[in-house]
1. Of the residues SER27, SER82, SER112, which single one is surrounded by fewer than 17 Cβ atoms within 10 Å (Cβ to Cβ) and small (Gly, Ala, Ser)?
2. Looking at (1) assigned to a loop (DSSP other than H, G, I, E, B); (2) closer than 19 Å to ARG73 by Cβ, can you tell me which one ALA16 breaks?
3. I'd like to verify a number: residues in segment 153-195 that are under 12 Å from ASN125 (Cα atoms) and of a type in the set (Lys, Arg), how many?
4. Identify the single condition in (1) surrounded by 23 or more Cβ atoms within 10 Å (Cβ to Cβ); (2) under 24 Å from LEU271 (Cβ atoms); (3) touching a strand residue (DSSP E or B) at 6+ places or on another chain (Cβ under 8 Å) that THR154 does not satisfy, given that it satisfies every other one.
5. Look at ARG194 and say whether it is among the basic types (Lys, Arg) and either within 15 Å of SER153 (Cβ to Cβ) or in a loop (DSSP other than H, G, I, E, B) (or both).
6. From the list GLY189, GLY159, GLY143, exactly one residue is surrounded by 18 or more Cβ atoms within 10 Å (Cβ to Cβ), touching a residue at least 24 places away in the same chain (Cβ under 8 Å) and in contact with a Phe, Trp or Tyr (Cβ under 6 Å, 6 or more places away or on another chain). Which is it?
7. Which pairs turn up if I take residues in segment 96-114 that are of a type in the set (Asp, Glu) and look for partners that are at pLDDT 95 or above and surrounded by 18 or more Cβ atoms within 10 Å (Cβ to Cβ) with beta carbon separation below 7 Å, at least 6 apart in sequence or on another chain?
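The values are calculated or read from the model by the stated rules, or taken from the named source; none is laboratory data. Model, not experiment: these values are computed from the prediction. Glycine also receives a Cβ, built like all others from the backbone with ideal geometry; neighbour counts cover every protein chain displayed.
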Amino acid sequence: MRKNQRWTAHQIPDQAKRVFVVTGANSGLGLATARALARKGGHVILAVRDEAKGRLAAAEITAEQPDATLEVRRLDLADLDSVRAFADRLRGDHPRLDVLVNNAGVMAPPRSLSAQGHELQFACNHLGHFALTGLLLDLLTGGDDPRVVTVSSTNHRQGHLHVDDLSGERTYSPMGFYNQSKFANAVFGRELHRRLAAADSPVRSLLAHPGYTSTNLQTSAPVNRVKVLFGHVLAPLAQPPDQGALPQLYAATAPDVKGGEFIGPDGFAELRGGPTRVRLSPAAADPRTGRRLWELSERLTDVRFLFPTAD
């Protein structure tokens, strides 16, 4: 990836016979990711909270790409029972999974709790994806060039774990807890890489972020001040979802990526541009933080990862 030779979705290798799960695939970055993978022949499972919206997204893709092979399946990442049900059904229908794109998220809503009583952003953006990855790891282990791509944000560099107030009962701020969830994504992706490498697993864990991209993430849930700032004041600076999805598409498909890498835009302040390798914050890369988050996530989700190696 050279800055004067920016990678585009046209360079995605042939993905025929490969199976993808993309969370949050009904709009924004998830829809752009699903569309690009379908164009290259991938079988894409659109994992969505609202099945009706998911079917509309699938119809949009097939209108452009009539031979696309798609599935729409319900997944509410904020509800761990839904995550388990999704994983069980998928395992019953597919003998393997090649790529999991942990894309879905919520941003800066008023304080609310998940079905299991966790702060919503931490539950949806991190805990749901942690559990989903663990529950599907056996399918990924049998995949073709298997990868887990977890979508974080530059905001991870402003985040930290509110370990004494994870539910936000005392100190909740919409953006502060969004930053915590994106920090958790970054920590998880790197710690997963460490554990996969230690087990000599064929699965690669990668991180990506989209820069500043115009999606309904900034307008569908945030409190008013955040919605006005990101949805209106800064909107002219945002790149479209097809451009913002390039880092996660590169992480999911490029032959030259390595486990543990973080892919983001190559432009000013990583706000926009073509995909390149970017810096993970030292705090997110700290193995001690990784172990701490991992143990906390296991306890909160009751999911334990099994790390079988390739035959």
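1. After ruling out the rest, the residue left standing is SER112.
2. Among (1) assigned to a loop (DSSP other than H, G, I, E, B); (2) closer than 19 Å to ARG73 by Cβ, ALA16 violates only (2).
3. Going through segment 153-195 one residue at a time, the tally reaches 1.
4. Every condition holds for THR154 apart from (1).
5. No: the conditions fail for ARG194.
6. Selected residue: GLY159, the only one of GLY189, GLY159, GLY143 that is surrounded by 18 or more Cβ atoms within 10 Å (Cβ to Cβ), touching a residue at least 24 places away in the same chain (Cβ under 8 Å) and in contact with a Phe, Trp or Tyr (Cβ under 6 Å, 6 or more places away or on another chain).
7. Pairs found: ASP98/ARG18; ASP98/VAL19; ASP98/PHE20; ASP98/GLY143; ASP98/PRO146.
Conditions tested, residue by residue: (1) touching a Gly at 6+ places or on another chain (Cβ under 9 Å); (2) buried (at least 19 other Cβ atoms within 10 Å of the Cβ).
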| site | (1), (2) |
| --- | --- |
| ASP256 | no, no |
| PHE262 | yes, yes |
| PRO265 | yes, yes |
| PHE268 | no, no |
| ARG272 | yes, yes |
| ALA283 | yes, no |
| PRO287 | no, no |
| GLY290 | no, yes |
| LEU293 | no, yes |
